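> Could you have a look at this structure, given as structure tokens, before my questions?
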Amino acid sequence: MPDTDPFETYAGDYEAWFERNPWAYQSELSAIRSQLPTNGLGVEIGVGSGRFAGPLGIKVGVDPSASMRTLAEKRGINVIDAKAEKLPFKDASFDHALMVTTVCFLDDVPAAFREVIRILKPDGILVIGFIDKDSVLGRQYQEKKDKSRFYRLAKFYSPGEVTSMAQEAGFKRFQYVQTLFWNIRQMDRVDPLKEGFGHGSFVVIKAEK
């Protein structure tokens, strides 16, 4: 990840986003849950504060930010200090892996995907949740990224770009769902899920090893 300083310094602000936008958070969580396997051993890469791993029952995570690791550990997650491009696990260690709003912060996405496919068991599953750069929210984040503590160094991707990099790493059988169709600050309920991408700002890709 290019820079962990914002996550070290502003961990409280990171957590506050989820408190300010509970319906957006629950919508993202619902989209991920719809694609994540319910059985087997999972790991979240770029686990952050554990906001997703915790309710999804994932007990292992990696993150390079000490502040984020502390918050995740309080949610009962065993977090290791590591980067996505060099995972500290043996080959074929996990049944599934999760990455939520992580790809935009990586130095080398293809290298990270190669590491994920290495640590997954045969027929293992990768689930990737991210903001589509071509969506309404994606464009807003990019327009204001210079003023954002967290997104100033981020690089946003389209579903097609993420799929292409995952394919190059060896993933196959892609499935897509999307959510966040409205202004997140005006939401008063969990958004519906729709297959595919191109309309919702938050996209979840499920891929098989």
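> What relative contact order, as a whole-number percentage, does the chain give when Cα pairs under 8 Å and 6 or more residues apart are counted?
23 percent.
> How do Phe181, Phe94, Phe202 rank when sorted from fewest to most other Cβ atoms within 10 Å of their own Cβ?
Details: Phe181 16, Phe94 23, Phe202 26.
So the ranking, lowest neighbour count to highest, is Phe181, Phe94, Phe202.
> Could you name the lysines whose alpha carbon sits less than 26 Å from that of Lys121, not counting residues in the same chain fewer than 8 places away?
Here the lysines satisfying the reach criterion relative to Lys121 are Lys59, Lys83, Lys86, Lys90, Lys172, Lys206, Lys209.
> So what's Rg/Rh here for the range 129-209, counting alpha carbon atoms and using the Kirkwood radius for Rh?
Working: Rg = 13.6 Å, Rh = 13.5 Å.
We get a ratio of 1.01 for the range 129-209.
> Now for a different question. Can you run the Rg to Rh ratio on the chain? Use alpha carbon positions and the Kirkwood inverse-distance Rh.
Over the Cα atoms of the chain, Rg/Rh equals 0.92.
> How much mean residue ellipticity at 222 nm does the chain get from its helices, if each DSSP H run of length 4 or more adds -39500 (n - 2.57) and you divide by all residues, to the nearest 500 deg cm²/dmol?
Estimated from H runs of four or more residues: -9500 deg cm²/dmol.
> Continuing with the same structure: Quick one: net charge of Phe197's neighbours, Cβ under 13 Å, K/R +1, D/E -1?
-1
> How big is the range 14-107 along each principal axis, measuring the range of its Cα positions in Å and listing the largest first?
38, 29, 26
> List every residue whose amide H lies under 5 Å from the amide H of Leu41, counting only residues 5 or more places away in sequence or on a different chain, with H placed 1.01 Å from N in the peptide plane.
Under 5 Å from the amide H of Leu41 lie the amide H atoms of Asp95, His96, each far enough along the sequence or on another chain.
Each reported figure results from applying straightforward, stated rules to the coordinates on display, with no laboratory input. Remember, predicted model here, so these are calculated numbers, not experimental data. As a convention, Cβ positions derive from the backbone with ideal geometry for all residues, glycine included, and neighbour counts pool all protein chains shown.
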